[in-house]
Each structure stands twice: as structure tokens, then as C-alpha cells.
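Notes follow the structure.
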Amino acid sequence: MLDVSSILMLSLYIGCESFITHNQRSYGVYQTLHVEVDMNRRGFWSPYLAGAGLGLTLLASFVIAGQGLGASRAFAVAAGTAMNVVAPVYTATLTYLSKYIERSPFQDWTFLELTGVLIGAFAGVLMSRSFKVQIDRGSAMSVGTRVMTAFGGGIILGFASRLARGCTSGVALTGGAQFALSGWVFVIAMFASGFLFAALFRRLWS
């Protein structure tokens, strides 16, 4: 059942994500298709092919590593490791972070996985010949506003993912692929809030 559930989860995830992403700037079907064509012209990978690859990666992760995909835990491991280098005595007193310093981060599956994701992402952008250092923002948004909102949003997302004991990878994809109730509740809430806030903040990106 794992492969079937993975495909079902992947179809929902990729379909909804693509719809939200393509419609953040316009609600028209023509504009959605135009954005997709423009993405192909600029060398971006097809979100559907990339999504299929993600689904196969999730399946391979279960088969080979015996674990699903995840991401947010790696940041906790990195933070705990860094603090343990700077202030080992203090870090050992922290109930939350102390459990992440019991072994090397390179013995942690999620940390190794995220390291591979970063390397793979860099290789992918080089292959697509679209590497460019820039701050992606809407014409109505200043650089300072974009940096502050990205930083603030990152803090909220990081805290929420650890509070929920997982992110879109660990709870939504991995949990949903196993038909875990928490995974499907997470996905529904995620896309519902995505539609809501995409509409509220759409003007900043117009």
C-alpha cells in the first residue's frame, strides 16, 4: 500500500501546490498557463516531473533507509551541535537541544538527507543554468520589507514545525503517504491557509 498511498499523496500535494503557486499573481487560466510556459523557457524544471521524482525519492527512502523524508529536525540538530561547540555546559542543561548532541550530526538521517538536498539543489540550479544571487520580491515590496518578512516567516515556520513535530516533508509527505491522520489534517490546513494568505498578500507581489 505504500506505493499507492505515496502516489495519492503526491498527486494532491503537487497539484494543489502548483495551482496556488501559479495563481498567486492571477486567477486566470491563461495567466497560469503563461507562467508555466515562461518557467520552461527560463530553464526551470517541470513541477510535475520534479514532483514525481520527489514521490519516488520518498518511496526509495522507505525502502533503502527505513525512514521517510524530513527537514526541520536537521535545523534542530545543527543548532544543538553549534551551541554545543560554543557553550557545551549550558547546552547540556537545555532539555530540548541536549537530546540532539548525543551523537554526531552525520549519524542523524535527517541531517544527512538535508545536506544532500542542499547539494542536489545547487547541482540542479547549475544544470538549469539559472544560478543567480538575488532577492526575489514583488515590485511593490522593498528589499528591506522582503528580508524582514522572510526572516520573520522563517522563525514562525521553524517554531511551528518543531511544535508540530514535523514539517511539510515529515508530517505531510511522509505521514500522509502512510495515511496518518495527522498528515492529512496537516495538508488540508496547509493549503487552506495557503489560499487565504496568498489572497491577502497577493498585492505585494503584483
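Computed from the coordinates by the stated procedures, all read-outs in this text should not be read as laboratory data. Quick caveat, the model's predicted, so the values are computed rather than measured. When we count neighbours, we look across all protein chains shown, and the Cβ atoms used for this are built from the backbone with ideal geometry, even at glycine.
Observations, loosely collected:
- Filtered residues of region 60-74 (kept if surrounded by 17 or more Cβ atoms within 10 Å (Cβ to Cβ) and assigned to a helix (DSSP H, G or I)): Ser61, Phe62, Ser72, Arg73, Ala74
- Qualifying residue in region 162-169 (condition: charged (D, E, K, R) and either in contact with a Pro (Cβ under 6 Å, 6 or more places away or on another chain) or more than 28 Å from Ala52 (Cβ to Cβ) (or both)): yes
- If the condition is being farther than 26 Å from Gly53 by Cβ and among the aliphatic types (A, V, I, L, M), then region 70-123 contributes Ala76, Ala79, Ala82, Met83, Val85, Val86, Ala87, Val89, Ala92, Leu94, Leu97, Ile101.
- Selection count, region 104-127, where residues are surrounded by fewer than 15 Cβ atoms within 10 Å (Cβ to Cβ) and part of a loop (DSSP other than H, G, I, E, B): 1
- The set of residues in region 138-163 that are within 20 Å of the chain's Cα centre (by Cα) and in contact (Cβ under 8 Å) with a residue 40 or more places away in the chain comprises Gly158, Ser161, Arg162.
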